[in-house]
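The numbers here are math on the coordinates, done by the rules we state, and not lab data. Everything numeric in this text was worked out from a predicted model, so none of it was measured. Cβ: placed from backbone, ideal geometry, glycine included. Neighbour counts: every protein chain shown.
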Amino acid sequence: MPTFVDILEYIGTFAFAISGIRLACQKDFDVFGAYVVGLATAIGGGTIRDLLLDTTPFWMLKSSYLIWSGIALIFVYLFRRHLIRLNNTFFIFDTIGLALFTVVGIEKTMNMEDCNYPFWTAIIMGTITGAAGGVIRDIFLNEIPLIFRKEIYALACIIGGITYYISQALFDNLVITQIASSASIIITRIVAVKYKIGLPHIKREDN
């Protein structure tokens, strides 16, 4: 039976894959190309995390992630007219994937056997798990990565990580901690986009 973390990963994989496949469709990719972009979006961050933690990348041990990315491709193909036309579709699925994968990355780091990583390392690994797949997606699509150009993205993961730490100390309940952390990321992203809140840009000096 899949654990709760496994379920979070499957939902996050499905959501992230949809966000990547939808953008690939807008770029007129073929079916295989769209699947590759969706898969890279879904597993990219977790792969980098596992390599940094010196463990086998998670998707190499279970075919579920490849299958869920394939299901996401079928979902986008069947409902492509509605998904591609709605601009907020990408935002919704990307934000869900970001929140769930950040929580998964934090917990996987904390649960590493014989490795008592400090919590700030878990927050960094959670941020990489959540945000790095989107960077890979944007590079494949020949776009400047979203994380570098606008909106609060990686910072939302950090806020989620801090919320995880505080909730764990206050409630000592894993489910409440996971919900609070995920919700803080989603709320941060929604508020930042709605009110156009972003980090200051470093502007070049004109000669």
Take each of the peptides 23-32, 195-204, average the number of other beta-carbon atoms within 10 Å over its residues, and list them starting from the highest. 23-32, 195-204
With labels modelled as points extended 7 Å from the Cα through the Cβ direction, what inter-label distance (nm, one decimal) is found for residue 141 paired with residue 27? 0.8 nm
Before rounding to the nearest 500, sum -39500 (n - 2.57) across all DSSP H runs of length at least 4 in the chain and divide by the residue total; then give [θ] at 222 nm in deg cm²/dmol. -25000 deg cm²/dmol
Quote the FRET efficiency, to the nearest 0.05, computed for residue 74 versus residue 183 with a Förster distance R0 of 25 Å and r equal to the Cβ-Cβ distance. 0.30
Between residue 60 and residue 202, what is 0.36 nm times their sequence separation minus the Cα-Cα distance? Round to one decimal in nm. 47.1 nm
For segment 20-90, the dipole about the Cα centre with charges only on Cβ (Lys and Arg +1, Asp and Glu -1), to the nearest 20 debye, works out at 340 debye
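So how do 153, 35, 10 line up by other beta-carbon neighbours within 10 Å, fewest first?
Arranged by neighbour count, lowest to highest, 153, 35, 10 become 10, 35, 153.
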Highest mean first, how do 53-62, 96-105 rank when packing is the count of other Cβ atoms within 10 Å averaged over residues? 96-105, 53-62
Please rank 167, 182, fewest neighbouring Cβ atoms within 10 Å first, as an exposure proxy. 167, 182
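Report the far tail of the P(r) of segment 1-62, meaning the percent of Cα-Cα pairs longer than 13 Å.
The share of Cα pairs beyond 13 Å in segment 1-62 comes to 65 percent.
Give the peptides 64-74, 110-120 in descending order of average Cβ contacts within 10 Å, highest first.
Going by the mean number of other Cβ atoms within 10 Å, highest first, we get 64-74, 110-120.
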Under 15 Å Cα-Cα from residue 62, which aspartates and glutamates qualify once same-chain neighbours fewer than 8 residues away are excluded? 6, 9, 50
Estimated FRET transfer efficiency (residue 190, residue 6; beta-carbon r; R0 25 Å; 0.05): 0.40
Report the net charge of residues surrounding residue 58, where surrounding means a beta-carbon distance below 9 angstrom and charges are Lys +1, Arg +1, Asp -1, Glu -1. +1
About the Cα centre, charge dipole magnitude for the chain (Lys/Arg +1, Asp/Glu -1 at Cβ), debye: 860 debye
Cleavage-rule hits, GluC sites (Glu not before Pro), segment 129-207, DSSP coil, Cβ neighbours within 10 Å at most 10: 205
Using a 10 angstrom cutoff on alpha carbons, build the Gaussian network for the chain and name the most mobile of 21, 187, 124. 187
